[in-house]
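See structure below.
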Amino acid sequence: MRTITKRILAIHDLSGFGFSSLMAVIPIMTAMEIQVCALPTVILSANTCYDGIQSVDMTTHLKAFATHWQDLDLHFDAVYSGFLGSPEQARIVAGIMAYYRERNVPCIVDPVMADKGELYSCFDRSIVDAMRQLIRQADVITPNLSEAALLLSESYPERLSAGQLEDWTRRLGELGCRNTLITGVLLKGMNSQHSISAYNSEHDQYRHLQHKAFAGDFPGSGDIFATVLTGALVWGKSLIRAIDIAGEFVYQTIEHTALSPRPLSEGIALEKTLHRLHSIPDA
């Protein structure tokens with residue numbers, strides 16, 4: 001019987017209603033037998049599919065929370081960040097990650113800031129520079145195509161060629177991150193699959209993977225992909241194997257969601273597939 005306890009520091013927003021952010025991270029990591037130490041960046045009444053959201057900005061508390069855990073000498077097997085509410089939060093998180101990287105703790109950054117070629121309405125362009133600084137602290141980054149375009153100061157294309165995808169992924173590696181991914185890319189001439197690219201700048205290795213895809217928007221799918229990826233990495237899976245595990249889990253979960261009668265705004269039907277993650281630690 002395994003007695004090892006794995007623990008991550010998860011720095012994300014908390015949406016009280018809807019399976020996204022910490023509401024997805026915590027059950028996924030628990031199913032993968034990983035303890036979550038949650039550092040909320042913003043607390044929201046519901047996910048951003050809804051109007052009239054009530055929110056609490058946690059910026060003034062981030063350093064105090066992190067310092068307390070450092071005083072307690074808590075060990076983490078990874079630090080993983082998602083939605084950050086401002087450039088100031090990104091700078092604070094960069095400092096937190098620098099502290100743990102000095103202690104050989106891997107850091108994963110999902111630079112959540114844009115979709116469909118547009119920054120989220122809560123941001124201005126200053127978030128892009130802040131994210132460029134943050135990803136220098138990361139061992140793995142998982143931007144979508146919109147976020148990759150912003151980080152590279154490129155115009156947003158709805159599709160890339162295979163050559164463009166490789167070029168963009170390699171250039172992201174030049175920004176200072178060891179492993180760069182671009183997720184959910186539609187390639188020119190390919191309609192039924194999403195592409196995920198991966199580049200390791202340390203060994204100059206590039207890989208292009210494809211996964212079955214559903215048409216349409218499924219809120220929270222990016223959070224779920226990055227979370228399962230992180231959990232698989234914590235359990236010692238290779239980056240390529242972790243991508244495969246995460247991509248397959250997202251597809252299966254979206255498949256259940258598409259058959260569910262509940263509105264998509266309520267988030268992906270995560271509770272239907274969580275059990276599939278129980279075998280990953282020993283796989």
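Computed from the coordinates by the stated procedures, all read-outs in this text should not be read as laboratory data. What you see is a predicted model; the values in this text were computed from it and never measured. So basically every Cβ, Gly included, is an ideal-geometry build from the backbone, and we count neighbours across all protein chains shown.
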According to a simple spin-label model (label point 7 Å from Cα along Cα-to-Cβ), what is the distance in nm between Ala38 and Asn104?
3.1
Would you kindly state how much longer the chain becomes between Gln193 and His275 on full extension, computed as 0.36 nm times their sequence separation minus their alpha carbon distance, in nm to one decimal?
27.0 nm
Residue list for region 184-205, given a label point 7 angstrom along the Cα-to-Cβ vector of Glu255 and an amide N cut-off under 18 Å:
192-195
When the convex hull of the Cα atoms of region 53-170 is projected onto a plane and the area is averaged over all directions, what value comes out in nm²?
8.4
Taking only Cα atoms and a 10 Å spring cutoff, compute GNM fluctuations for the chain and point out the largest among Gly222, Gly184, Gly163.
Gly163
Highest-MSF residue in the chain out of Gly18, Gly189, Gly117 [GNM, Cα springs under 10 Å]:
Gly189
Among Gln70, Gln133, Gln193, determine the one that fluctuates most according to a GNM of the chain built with springs between C-alpha atoms less than 10 Å apart.
Gln70
According to the Kirkwood expression over distinct Cα-Cα pairs, how big is the hydrodynamic radius of the chain, in Å?
18.9
HN-Hα J in Hz across region 95-107 - Karplus 6.51, -1.76, 1.60, θ = phi - 60°, x for Gly and Pro
x, 4, 5, 4, 4, 7, 5, 4, 9, 6, 9, x, 10
Quick one: putting +1 on the C-beta of Lys and Arg, -1 on the C-beta of Asp and Glu, what dipole do you get for region 6-275 around its Cα centre, in Debye to the nearest 20?
420
So how do Ser153, Ser86 line up by other beta-carbon neighbours within 10 Å, fewest first?
Ser153, Ser86
Per-residue Cβ contact counts at 10 Å, fewest first, order Ser221, Ser260 as Ser260, Ser221
Can you pull the one-decimal nm distance between simple spin-label points at Gln210 and Glu154, each 7 Å off the Cα toward Cβ?
1.9
